[in-house]
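These notes concern the structure reproduced below.
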Amino acid sequence: SKHRRAIKEHREAVRLDTKNAVHRFNLADTLCLKGRLDEAISEYRRGLAIDPTFGPAHTALGEALHSQGKLDAAVTEFQEALRIDATDAIARRNLGNTLFWQDKIDQAIHEFREAIRSDPIFAFAYTSLAAALLHQGEARDAAEIARKAIELEPNERAYHATLGDALSKLGKKKEARHEYKIADPFKMRRRLAFALVTTLLYVITAVVVIAAFVFLFSSSFQEALSRLLEH
């Protein structure tokens, strides 16, 4: 596959120049894409041992650690990335996300807001903030922030789902359904198809029952039943 070939090429690059941190980071990124997180984490760490000042590698390592459920270690890497570059919105958003998973919601909200301050057009940070606010019961603010994310990336379905959740909490069911429909149009079609099939089955059942009653109480049936009883 494409990724297998890329891994092989990156490994060869590392073999030819073992002191090149970028080669190791490239290898680690490709290993992550293949879901080989243990190997990726090892390569990120080897690369950072060569060049510990490369912030994006700390962020990528943090993401891999988060995926393995090693949240404290992930926080450490995101914080190191931010020590190198305090304006790194991706590292800031990922730190907020990991704090959210640690149930440190207030801290997470702070980091999401800081990520937006660093990058005002970072839609993912807006929807992350909206989800955290919704978790805190602040549905009105969550809806406003979710709309901002949609303004930035209107085709991102997950953002519509977040807005739908906020609107639902506000009791705006019709608007929420509209957002859910955008978020998962196929789900709405499946629901409609299920409703149509269910209705059709009810109709068929009703017709069969009515036909049975008609037959049971018809004159020909009554006559046949009388003759059978006489014998």
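The values are calculated or read from the model by the stated rules, or taken from the named source; none is laboratory data. All figures in this text were calculated on a predicted structure; none of them were measured in a lab. Backbone-built Cβ (ideal geometry, glycine too); neighbour counts: all protein chains shown. Quick note on the areas: whole protein, heavy atoms, side chains included, nothing else; ligands and nucleic acids left out. Shrake-Rupley method; radii C 1.70, N 1.55, O 1.52, S 1.80 Å.
Details
- Label positions at ASP184 and TYR202, each projected 7 Å from the Cα along the C-beta direction, are separated by 2.3 nm.
- R0 of 22 Å, Cβ-Cβ distance ARG157-ILE105: FRET efficiency to nearest 0.05: 0.35
- Counting charges near ARG92 (Lys, Arg +1; Asp, Glu -1) among other residues having Cβ under 14 Å from its Cβ returns a value of -4.
- Neighbours of ARG46, meaning other residues whose beta-carbon lies under 11 angstrom from its beta-carbon, give a summed charge of 0 when Lys and Arg score +1 and Asp and Glu score -1.
- Simple Cβ-charge dipole of segment 36-144, Lys/Arg +1 and Asp/Glu -1, about Cα centre, in debye nearest 20: 20
- Probing with 1.4 Å while keeping every protein chain in the model, the per residue accessible area of segment 100-158 equals 57 Å².
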